[in-house]
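Enquirer: Below: one structure in C-alpha cells.
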Amino acid sequence: MKKSGRFLNRDLILYLIDMSVIGAVYIFVLLFDTFSGKKLLPFYCYAAGLAVVISVYLFCFLLFKVNRVIWRYSGGRDYLKVFLVSLLGGAISCLILNVYYDAVPVIYCVFAALVSSLLLVFSRIIYREVFNNRKMNENGKRLLIVGAGEAGSRMLGEILAHPACGLNPIAFADDDLQKLNRSIDGVRVLGRIKDIKRICDENEIETVYIAIPSATNEQRSYILEECAKTTCTVKILPYLTDIFEENDFIGKVRDITPDELLGREPIDIADKNILSFVKDKTIAITGGGGSIGSELCRRIAAHSPKRLIIIDIYENNAYDIQQELIQKYKDTLDLQVYISTVCDYKKINSIFAEERPDVVFHAAAHKHVPLMETVPDEAVKNNVFGTFNTAFAAKNNKVKKFILISTDKAVNPTNIMGTTKRVCEMLIQYVDSISSDTVFAAVRFGNVLGSNGSVIPLFKKQIESRSDVTVTHPEMIRYFMTIPEACQLVLTAGAMAQGGEIFVLDMGKPVKIDDLAKKMISLSGLVLGKDINIRYVGLRPGEKLYEELLMSEEGLKKTLNEKIFIGKPIAMDHDNFKIQLDELEKLVNKEGVTPLSVEKKLCEIVPTFKRYIPE
C-alpha cells in the first residue's frame, strides 16, 4: 500500500506540473487575444475557458498514461508520445474554444498547442539531464566501444546509468564517416576501425567492447585483427537476434567465439534432404554424448525424428545431452539412452534388434593422437572393431543407412589413430560391397572448433591461468570447422549417400596454430613476452605439420552441395582385407601384444601409413 501511495503522489505531482505549464500558456493566449483589440470579457469566461482546456488535456494525458514513464531513463519514443498527446489535447481544446469563446482565432490555438507540447517535452529532457544518475565512472576501466550505432549508444546509456559496472567510456570507433568526431552522451567517435590501435594508445584504453551485433563473422574477424594489435581485453555483443529481446547489453557482452576468432561464416544449410532423411525415422547415434555426437543429437531432434537413440559408454556425457533434450522438447521427442561400448557386439546387436533404427551415425571413437600412440591395441579394438561390430549389427538388422564419422588424419596417416580411422573407411567400403539392405558411407573432415580436446579450449585455459601457451611447432597448420556446420554437412552427406562413398567436407582455409595462439593472447589483454609466453614443445608422437583431406589416389567428385565432395574409392582386395582384419583381431587380443607388432600389422593393411619425420 505504501508503494502504491508513493506512485499516486508522484503521478499527482507530475500532472499538477503539466497542467500548470499548459494553464500558463493558455492564459497568455487568452489575454493576448483580448488585449489585441477584442472586448474584455468577465472573469468567469476566462476561468471557464481555462477549465475546459485543463480538463481536455488532463483527460488525454490520463487516457494515454503519459506519466507512466521513469523520466530519468526516458528516450525519444517517450518524448514523441508526450508531444503527440499534447497536440491532440490542443486540437480538441481549439475546437471547443472556437464554439464557446467567441471564435478565438485558430492560429492562436495552434500556437498555444505547439508551445505547450514543446514545453512539456523540454521540461522532461531537462529533468533527465539534471537529475538522473548517468555519469562517468572516473575510476573504472577505460573503455573503447567499437560501433556508434544503436547498439553502441544503448550500451553507453547502460554503462552511464550503472557506474557500478566499473567501466569508464572514453571513445567510440566507427567506419561511418558521418559519425567521425561527433559524440553520443559526451563520448566522441575518435576514428575508424582501422584506427583502433591509435585510439587505444592515445587514450590509455584498457578494454574494448565490440557493439556491432549485425556484423558478419568476416567483419568481426577484421575488427578482431585490429583489436589484436592492442593490449586491451576484448569482449563482443552477440548477434541481433540474441540481444534485442532485452535491454541488458552489458550482461550480454561475452568472450570471442572460435568461429569469430577465425572469421568463419557459420554454414546454415536449409536442405530439404535433411528433413526427409530424418523426419519420422528412428535414428541411432553411437558416441552420442561426445562433441560431434551430441550436436548430431541436437540437429536431429530439431527435425522431428520418430525416435532418437543415444549410445555412449561415458554416462556423464550421455546424461547431459539427455537432460538437455528433455528440457527443450519434453514429451514431443521420443528419446532413449543406452550406456554401452561399441566393442560389445552382442549388446550393440541386441539394441539394434530391439530398436530397429533406420539410420545409424557412428561417432564413437578414440581420437586423441598422442594417447593412442602408447596403446595402439586399444585404438584398434575401439576404432576398428567397434566400427566392425556396429556396421555388422546394422547390416544384420537391415538398417537403411550407416554413416561413419571419419577424419582428415586418415589421409596418408602418420599416427595410430589416423591409421585406425583409415581402416574404418576401408571397412565401410568392404561391408557396403557385401550388403544388399544397408547403405554404408563415411564422412571425413578436419579439426572441430571448440570440441573436447581441441586446441582453442586448451589455449583459453592456459591464458586464464597465465601459464605458458603450448604450441607444438611455429609452422603447424590445421583445417578447422565449427561443430554445428560439421554436423549439418554430415546430415546432408548422409542424405546423399548411395553406398561406399567417402564424403569430404570443404574445410575452408588452413589456419596457422601459432598465429591463432598469438591472436588469443592479444585479445585477452595480455602482452606476449611480458605477461605470458608461447612455449614450443615440438611435435607430439604421430603428429605432422599439416593434414590432408584427400589421398592422392582418390581425386574429387562434386556433389549438388558446394561444400561436399566425394572421394573416388580406392580399389581394394576385399577377400584379402577380411583375412587381414581377422589377423589384426587375433593380434590385439593376444596377451603381451606389443605396440610395434600392432603398428607393423597396420602398415600391412594401410600401405600409406608412414611415420612423419619433420625436416
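The values are calculated or read from the model by the stated rules, or taken from the named source; none is laboratory data. The structure displayed is predicted, hence computed values, not measured ones. When we count neighbours, we look across all protein chains shown, and the Cβ atoms used for this are built from the backbone with ideal geometry, even at glycine.
Enquirer: What pairs come up if the first residue lies in region 575-592 and is within 13 Å of GLU378 (Cα to Cα), the second is not in a helix (DSSP H, G or I), and their beta carbons are under 8 Å apart, counting only those six or more places apart or on different chains?
Expert: Between residues of region 575-592 that are within 13 Å of GLU378 (Cα to Cα) and residues that are not in a helix (DSSP H, G or I), the close pairs are LEU587/VAL593.
Enquirer: Let me confirm something: among LYS281, LYS367, which residue is among the charged types (D, E, K, R), surrounded by 20 or more Cβ atoms within 10 Å (Cβ to Cβ) and on the phi < 0 side of the Ramachandran plot?
Expert: Working: LYS281 fails: surrounded by 20 or more Cβ atoms within 10 Å (Cβ to Cβ).
Answer to the selection: LYS367.
Enquirer: Which residues, counting only those in region 389-437, are basic (Lys, Arg) and outside any helix (DSSP H, G or I)? Outline the logic, then answer.
Expert: If we filter region 389-437 for residues that are basic (Lys, Arg), which is where we start, we get 395, 398, 400-401, 409, 421-422.
Listed by number, the residues that qualify are LYS398, LYS400, LYS401.
Enquirer: Out of the residues in region 387-423 that are of a type in the set (Gly, Ala, Ser) and under 34 Å from the mean Cα position of the chain (by Cα), state the one that is nearest to GLY542 (Cα to Cα).
Expert: Within region 387-423, the subset of a type in the set (Gly, Ala, Ser) is 391, 393-394, 406, 410, 418.
With the extra rule that they be under 34 Å from the mean Cα position of the chain (by Cα), the set shrinks to 406, 410, 418.
Values: SER406: 17, ALA410: 12, GLY418: 9 Å.
Here the residue is GLY418.
Enquirer: When you check SER454 against the structure, is it among the hydroxyl-bearing types (Ser, Thr, Tyr), farther than 21 Å from LEU523 by Cα and surrounded by fewer than 22 Cβ atoms within 10 Å (Cβ to Cβ), yes or no? Explain how you work it out, then say what you get.
Expert: Values: among the hydroxyl-bearing types (Ser, Thr, Tyr): yes; farther than 21 Å from LEU523 by Cα: no; surrounded by fewer than 22 Cβ atoms within 10 Å (Cβ to Cβ): yes.
So SER454 does not fit the description; no.
Enquirer: State whether one or more residues within region 534-550 are of a type in the set (Ser, Thr, Tyr) and either in a loop (DSSP other than H, G, I, E, B) or closer than 24 Å to PRO370 by Cβ (or both). Outline the logic, then answer.
Expert: Of all residues in region 534-550, those of a type in the set (Ser, Thr, Tyr) come to 536, 546.
Next cut, either in a loop (DSSP other than H, G, I, E, B) or closer than 24 Å to PRO370 by Cβ (or both) only: 536, 546.
Looking through region 534-550, at least one residue is of a type in the set (Ser, Thr, Tyr) and either in a loop (DSSP other than H, G, I, E, B) or closer than 24 Å to PRO370 by Cβ (or both).
Enquirer: Going residue by residue through region 343-358, is there one that turns out to be more than 29 Å from ASN589 (Cα to Cα), without any contact (Cβ under 8 Å) to a residue 60 or more places away in the chain and assigned to a loop (DSSP other than H, G, I, E, B)?
Expert: no
Enquirer: Looking at TYR345, TYR338, can you tell me which residue is of a type in the set (Ser, Thr, Tyr) and either touching a strand residue (DSSP E or B) at 6+ places or on another chain (Cβ under 8 Å) or at pLDDT below 95 (or both)? Break it down into steps so the answer makes sense when it comes.
Expert: Values: TYR345 fails: either touching a strand residue (DSSP E or B) at 6+ places or on another chain (Cβ under 8 Å) or at pLDDT below 95 (or both).
Matching residue, one of TYR345, TYR338: TYR338.
Enquirer: Next question. Hey, VAL21 hits all of (1) at pLDDT below 85; (2) surrounded by 11 or more Cβ atoms within 10 Å (Cβ to Cβ); (3) within 17 Å of SER117 (Cα to Cα) but one; which does it fall short on?
Expert: Among (1) at pLDDT below 85; (2) surrounded by 11 or more Cβ atoms within 10 Å (Cβ to Cβ); (3) within 17 Å of SER117 (Cα to Cα), the lone unmet condition for VAL21 is (1).
Enquirer: Right, another one. Being assigned by TED's automatic domain parsing to the domain that holds ASN382 and within 30 Å of LEU491 (Cβ to Cβ) narrows it down to one residue among PRO595, PRO569; which is it? Show your work before the answer.
Expert: Working: PRO595 fails: within 30 Å of LEU491 (Cβ to Cβ).
Result of the check over PRO595, PRO569: PRO569.
Enquirer: Has region 510-529 got any residue that is of a type outside the set (Val, Ile, Thr) and farther than 30 Å from THR207 by Cβ? Reasoning before the result, please.
Expert: From region 510-529, those of a type outside the set (Val, Ile, Thr) are 510, 512, 514-520, 522-526, 528-529; that's our starting set.
Now restrict to residues that are farther than 30 Å from THR207 by Cβ: 510.
Scanning region 510-529 turns up at least one residue that is of a type outside the set (Val, Ile, Thr) and farther than 30 Å from THR207 by Cβ.
Enquirer: Kindly establish whether ILE292 is assigned to a strand (DSSP E or B) and at pLDDT 90 or above.
Expert: On the way: assigned to a strand (DSSP E or B): no; at pLDDT 90 or above: yes.
It is false that ILE292 is assigned to a strand (DSSP E or B) and at pLDDT 90 or above.
Enquirer: What pairs can you find where one residue is in region 158-171 and modelled with pLDDT of 80 or more, the other is of a type in the set (S, T, N, Q) and surrounded by fewer than 16 Cβ atoms within 10 Å (Cβ to Cβ), and their Cβ atoms are less than 7 Å apart, with a gap of 6+ or different chains?
Expert: Note: pairs meeting the criteria are ILE170/ASN203; ALA171/ASN203.
Enquirer: Quick test of your reading of the structure: LYS460 fulfils all but one of (1) assigned to a helix (DSSP H, G or I); (2) surrounded by 20 or more Cβ atoms within 10 Å (Cβ to Cβ); (3) within 31 Å of the chain's Cα centre (by Cα). Name the failing condition by number.
Expert: Single failed check for LYS460: (2).
Enquirer: Somewhere in region 260-276, is a residue at pLDDT 95 or above, farther than 30 Å from VAL588 by Cα and assigned by TED's automatic domain parsing to the domain that holds LEU404? So that I can check it myself, show each step before the final result.
Expert: Start the filter on region 260-276 by keeping residues that are at pLDDT 95 or above, which leaves none.
For region 260-276, residues at pLDDT 95 or above, farther than 30 Å from VAL588 by Cα and assigned by TED's automatic domain parsing to the domain that holds LEU404: absent.
Enquirer: Within region 537-550, can one find any residue that is of a type in the set (A, V, I, L, M, F, W, C), in contact with a Ser or Thr (Cβ under 6 Å, 6 or more places away or on another chain) and assigned by TED's automatic domain parsing to the domain that holds GLY418? Break it down stepwise before answering.
Expert: Residues of region 537-550 of a type in the set (A, V, I, L, M, F, W, C): 537, 539, 545, 549-550.
Next, only the ones that are in contact with a Ser or Thr (Cβ under 6 Å, 6 or more places away or on another chain) stay: 537, 539.
Those left that are additionally assigned by TED's automatic domain parsing to the domain that holds GLY418: 537, 539.
Yes; the residues of region 537-550 include at least one that is of a type in the set (A, V, I, L, M, F, W, C), in contact with a Ser or Thr (Cβ under 6 Å, 6 or more places away or on another chain) and assigned by TED's automatic domain parsing to the domain that holds GLY418.
Enquirer: Could you count how many residues in region 412-447 are β-branched (Val, Ile, Thr) and surrounded by fewer than 24 Cβ atoms within 10 Å (Cβ to Cβ)? Quick ask: steps written out before the conclusion?
Expert: Let us first name the residues in region 412-447 that are β-branched (Val, Ile, Thr), namely 414, 416, 419-420, 423, 428, 431, 434, 438-439, 443.
Within this subset, residues satisfying the condition of being surrounded by fewer than 24 Cβ atoms within 10 Å (Cβ to Cβ) are 414, 431, 434, 438-439.
Here the count works out to 5.
Enquirer: Continuing with this model, one more query. When you go through GLY500, GLY525, GLY508 one by one, which is the residue that is surrounded by 17 or more Cβ atoms within 10 Å (Cβ to Cβ) and either out of contact with any Asp or Glu (no Cβ under 8 Å at 6 or more places or on another chain) or closer than 25 Å to LYS544 by Cβ (or both)?
Expert: Details: GLY500 fails: either out of contact with any Asp or Glu (no Cβ under 8 Å at 6 or more places or on another chain) or closer than 25 Å to LYS544 by Cβ (or both); GLY525 fails: either out of contact with any Asp or Glu (no Cβ under 8 Å at 6 or more places or on another chain) or closer than 25 Å to LYS544 by Cβ (or both).
None of the others qualify; the one that does is GLY508.
Enquirer: Would you call ASP377 touching a Pro at 6+ places or on another chain (Cβ under 8 Å) and modelled with pLDDT of 95 or more? Even if it seems obvious, please write down each step before you answer.
Expert: Details: touching a Pro at 6+ places or on another chain (Cβ under 8 Å): yes; modelled with pLDDT of 95 or more: yes.
Yes: the conditions hold for ASP377.
Enquirer: If we keep just the residues of region 99-109 that are in a helix (DSSP H, G or I) and surrounded by 15 or more Cβ atoms within 10 Å (Cβ to Cβ), which is modelled with the lowest pLDDT?
Expert: The initial filter retains those residues of region 99-109 that are in a helix (DSSP H, G or I), namely 99-100, 106-109.
Restricting the remaining residues to those that are surrounded by 15 or more Cβ atoms within 10 Å (Cβ to Cβ) gives 108-109.
On the way: TYR108: 77, CYS109: 80.
Result: TYR108.
Enquirer: For region 543-559, how many residues are more than 30 Å from the chain's Cα centre (by Cα), surrounded by 18 or more Cβ atoms within 10 Å (Cβ to Cβ) and modelled with pLDDT under 75?
Expert: Within region 543-559, residues that are more than 30 Å from the chain's Cα centre (by Cα), surrounded by 18 or more Cβ atoms within 10 Å (Cβ to Cβ) and modelled with pLDDT under 75 number 1.
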